[in-house]
Structures are given as structure tokens and as C-alpha cells.
Amino acid sequence: MSKIVDPFTLNQWYAVRTENKNGPDRTHRTRLLGVDIICQDDENGQVSIRRLDRTESQDSELPSRKRYGLVWTSLGMPESGIFEMPETEEEGRRHFVWDAVTVKTSGLRAIENFLDLAHFPYVHSGILGEEPLTEVTDYQVERINNEIWVKDCSFHQPKAAAIAEEGIHVNYIYRVPHPFVSILYKTCPLFPEKFDVIALMVLPREEDVCDIYTTASLFDNVNTDVEILHFQQKIFLQDRLILENQVPKLLPLGGRSEVSVRADAASIAYRRWLLDNGLSYGACTG
Amino acid sequence: MSINFNKYHWFAFYASQQIMPAEIRARSMWNTDIAVWREENGSIHAWKNRCPHRGMRLSYGFIRGSQLVCLYHGWNYEGATAQCSYIPAQPNLKGPKTACVRDFACFEKHGLVWISTVAEAEKEPDFSDFGEAEQTIHFCRSIFVNESPGLVGEILKTSIFIPYGNDLADGAKLKIETSQAEHHQTGANYQAIWQSGRDKKKKTELTCQTEVRNNAILVNHYKDDQGNEGSLIFALLPIDDKKTGVHVLFSGDFSSQSLTSAKRHYAKWAKRMRWSIENRNLQTDSFNPWI
Ligand code: FES
Ligand SMILES: [Fe+2]
């Protein structure tokens, strides 16, 4: 391990593979917090996971769980199970799990970008936002059970989802249950009283490189899987251009090197929460 | 005099012609990523390539009038002050004082944008000996060599070339018969005799005086025995410890037609020169780009 990983980061569950993706010999190699790991499926589809920097006698076996279409593990001792997303069990939803995309930046930058509304009219212009409707109205940020909740966000979006036909006013709720995971509840264009759920599950390979898994539970009975994937991919690529061009790659937690305004309340709360939990992996002090 | 790079000098950063109004370009100098951009009216600015808000590279942004707009959240920065003037997410908020981009002194001269990273830079490079008119020095091209700025400067001080107009044509196999260099306080003098590979009897003699100006500029006055004379100018840009930019310029009497072919002639030489510096034989001390 190149750097001592702080306990908050170490003792989390991380998605390391989609459930159904597998390499030759039913193995899948990846990297978690600077450690090479390997997932191996047996005939019954049970996944065992090992870290490759230790021999068997040194206790190389890692825990393995399946949840939300992903395989999860941890290098530490998680205090609890994988976070719950009860909303996804609601009837009538279509579930999606998209395979990881590698992004050359800290996973924390990716989560912060996901929590940000102000970039919609510029980075996702014509889709999730549009000039001159750029104002971010005040929203609420709370800490509940050591999670961050961002509530009462609303934004005008020209094309809020693959299924949206016209611009609508969208309400957003964000939840951060884990330093490298964020869940978004967003007005469904089809049933304005319901929420689509989109989650970003980040695997920090290194401090400054991450794999991003995205899951979604949507109400959409019109678009094909491929059409929905394309919509998601387009947004993702727009964000990736930003993420790979932020300097520095590590997220500054010191509050000195980046200027914030009220519209950044979610980002400020996220950074403070990371700091209060003693996180340092993927972060810098500036 | 050896080439002494320090931050108190002006460095040729970009060719003016490569930055059109309302365009942004970026590259490094001393390991610092710097964006140069023009307002719609053509005024030029050199800024640290980082938005004070969330660190986005400003070179991905766009220009509106006299403002640079960051791509990430659209914060506007005023050209003249580098100060944030508008935050789209909060249209009624005045840009905070701290939302100010680091800007660098810059001006344009002889087809180049010159910048300095310190406020108290030494005096601007002087090319008045080439005449006052801007057109007396022609920009040829910029090349980037994977070698340290100091070494590239030393090599270029006595680097041998064929002057434009000499009838030892491009592409002919050449052999240096003799070459002599003498380094002194303010530069170097050197001579070389070329022999054509095809016609052994055909020779040319080149005499050069290189003068180091403002530390990072080499002015090479050349003359050959066929009556071609003029100057080649290398304005060096330290990108980092291992990479050097070389802006190649030249001066002399050219018709507009011969100007184009002279540019091509020296551009070709410059590429050749880069190749030979990067692949040079460390055992031999005399430098010949055609070996
Ligand atoms: S990073 Fe430039 S406006 Fe936000
Ligand atoms: Fe985005």
C-alpha cells in the first residue's frame, strides 16, 4: 500500500465488480485503495475475493457480498453492512447497473461533482440545464446518522431523463451514506410525484484514480436499455472531461485553496463531513 | 556566457498568430500550467490555468467579450483585473475578492507573446538592431525538445545549418569538413565548411556569431561564402527540467514568395535539429544535426 489508509476509508464496503461481469477463468482482477485484488467465482456463482499483496497464510481472504447488482468487499472491518436503498424495491422500477468507467482523479472529486447543481447549465447544457436559468436556489443540508442529506434542491432541466419530452422543474434529494457513494433521488418526468434513484458507487483504485459504477432504478416504460445507457453515458462523459481537468486531483479539505459560495453548500458540507470523520485518502490539505 | 535561466526573465511563450481573438491556449512554463487568451477585441492575457472555484483548467472555458468564462460553473473573470465578476449560480452575488486568478505580466512583440512570472522582471528583450518595423523578424515555428533548457541552449549556440538561399539544396547529403567553435563572454563564434555528398567539389563555408540576449534568446548572425546573410533567432522557453520550447525566427531580406520558402527551409531544419538533440551521441562534443 502506497499510503496509510485512514480508518474511515479502510472500514467501508466497496463495489469492485458488477455481479455478472467476469473475466476468463471466472476471475476478475482490480485494485482497491492501492491493493491488487482478485475475485474468483465458483460453479455456484459464489464469489471469493483475495488480496494479492498477501499470501494465503497471511490471511489474504477478503469478505464478499452481492448487493445492487454489484460485488462488494472491504480491506478493513466494516462496522455495519452495506448501506440500504429501500426506495429501489418499489414496484414498477427498472434496474440498471453500468460497468465501471475509470476516471483519473480522486473518487472524492467524482462524488463532489455528483452533488453539484451549479454546473448543469454549462457542463450538461441543453440536457440538465441551460442558460439563462442558472440560479441555484437555497437548499437544506443535514447530517443524519453520520450521513449527509441535501434536500429541497430544485432546478429547471431541458431534458431531465431519457424519457423527458420537454423542460421540467426537477426536485433533487442527495444522500451521501459513504465517503465514496452518493445516491440521488430526482423527480421522475413520467410520474412527477415519484423519484428516480441514481447512485454513484466509486471504487478508489488509488488516491488519484477511481472506477465509477453507476446504478439506476427508473420509471421509464418507453426507452430501451440501450437508449437509457446512451443518455447516461453522454452525461457521464461530460462530467469526466471536468473531473480529469481539475487541479489538484486530490480534494482539498483545508478550505483555503478553493473559493466557495452559498450555492456550494453541499460541497462544503461533504468536505467538512470527510474532515470530521478523519478521512485523508484521496484528499489534500490545501 | 552560459545560458542562465531564471525567473526574472521574459520568456517567449506562444506565437501570437496561434491565438486568435476569443481563443485560449495553454502550455507550461517552469512547470506552471499557464493559459493565454485574447478578448474579443484582441487584448492578450496570461493567467494561471486554474479556476479559483473548483480548480478547473481555465483553458477549457470560453470567451465572451472581455470575460473568460470557466467551463465548470460558468464563473466569469474580467480580462483586465482577473477578478471574478459574475457567478451564474448566484446572479445577485458580487464575485468574492478571493475569487481572483493569478495573472502574469505579458506583452507581444515580433510575433511572440512574452511573459514573466514575476512582477519585477528584467527589461524587455530588445530587437531594435533589426530595425523598428515589426516585419523585420519573421516567425518560423515553435518546436519542443525533450531535453533540459540549459542543454538545448548550449547546443543551439553553435548549431550548424545551411542558410536559406545557399545552393547546397535541401535534402542533399552533406558532410562537415571542418568546424571550429569558440565560446566567449557573450556568446560564441564558429565556422564550418560543408561538403555536398553528391558533388564532392561543391563546398560552402558558413561563419556565425551567436549572441545571447536577455539570457534565453540566441541571436545567430550568419554569413556564407555565396553572399547569403541574415540572422536566425531562437527564443527559448523552459517548459520544465526535461523539456524546452524553441521558437525559431529569422531575419533577412526576402520577397514575399521567398519568405514562404525560407520559413519552410528553417522549419525543416528545426525539426531535424530536435531529432538530433534528442538522439545525439553523447560521446562526441561537436554538434552536427546531419550526423
Ligand atoms: S471551477 Fe470554475 S467556475 Fe467552478
Ligand atoms: Fe454533472
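Assorted remarks:
- Hypothetical label at B:Met20: residues of segment B:37-64 whose amide nitrogen lies under 16 Å (7 Å Cα-Cβ projection): B:37-43, B:62-64
- Positive end of the dipole of chain B (Cβ unit charges, origin at the Cα centre): among B:Leu236, B:Tyr266, B:Gln83, the Cα lying farthest that way belongs to B:Gln83.
- Over all pairs of different C-alpha atoms, chain B has a mean inverse distance whose reciprocal, the Kirkwood radius, equals 20.7 Å.
- Remark: the protein assembly as shown carries a charge dipole of roughly 1360 debye about the Cα centre, counting +1 on each Lys and Arg Cβ and -1 on each Asp and Glu Cβ.
- A Förster radius of 35 Å combined with the Cβ-Cβ distance from B:Gln180 to B:Leu259 puts the calculated FRET efficiency at roughly 0.65.
- With the highest mean first, a sort of the peptides B:62-69, A:279-286 on other beta-carbon atoms found within 10 angstrom per residue produces A:279-286, B:62-69.
- Ligands, DNA and RNA left out, the accessible area of segment A:86-284 computed with a 1.4 Å probe is 51% carbon and sulfur.
- Pairs exceeding 18 Å between alpha-carbon atoms, taken from B:Lys175/B:Lys203; A:Lys159/A:Lys234; B:Lys123/B:Lys242: B:Lys123/B:Lys242.
- With K and R counted +1 and D and E -1, the other residues having a Cβ less than 12 Å from that of B:Ile239 yield a net charge of -1.
- Per atom type, chain B shows carbon and sulfur on 47% of its accessible surface, probed at 1.4 Å.
- Across the protein assembly as shown, the convex hull enclosing all Cα atoms gives 215 Å³ per residue.
- Ligands, DNA and RNA aside, B:Asp225 has an accessible area near 90 Å² when probed at 1.4 Å.
- Between B:Leu93 and B:Asp33, the contour length at 0.36 nm per residue exceeds the alpha carbon distance by 18.7 nm.
- Inter-label distance for B:Glu108 and B:Phe62, nm, one decimal - labels placed 7 Å from Cα along Cα-to-Cβ: 2.3
- Each of A:Ala216, A:Leu203, A:Cys188 was scored by the projection of its Cα onto the charge dipole of segment A:155-286, and the greatest displacement toward the positive side belongs to A:Leu203; charges sit on the C-beta of Lys, Arg, Asp and Glu.
- Take the Cβ atoms of A:Ser260 and A:Ile144, set R0 to 30 Å, and the FRET efficiency comes out at 0.85.
- In summary, the aspartates and glutamates within cross-link reach of B:Lys200, defined as a Cα separation below 19 angstrom excluding same-chain residues under 8 places away, comprise B:Asp167, B:Asp170, B:Glu177, B:Asp224, B:Asp225.
- From the largest down, segment B:132-280 spans 44, 36, 28 angstrom on the principal axes of its Cα atoms.
- Coordinate range along principal axes, alpha carbons of chain A, Å, largest first: 61, 47, 33
- Cα centroids of segment A:152-199 and segment A:23-52: 34 Å apart.
The values are calculated or read from the model by the stated rules, or taken from the named source; none is laboratory data. As the structure is a computational prediction, the values presented were derived from the model and not from experiment. Every residue, glycine among them, receives a Cβ derived from its backbone with ideal geometry; neighbour counts consider all protein chains shown. The protein model used for the area step is the full one, side chains on, heavy atoms only, and it has no ligands, DNA or RNA in it. Shrake-Rupley method; radii C 1.70, N 1.55, O 1.52, S 1.80 Å.
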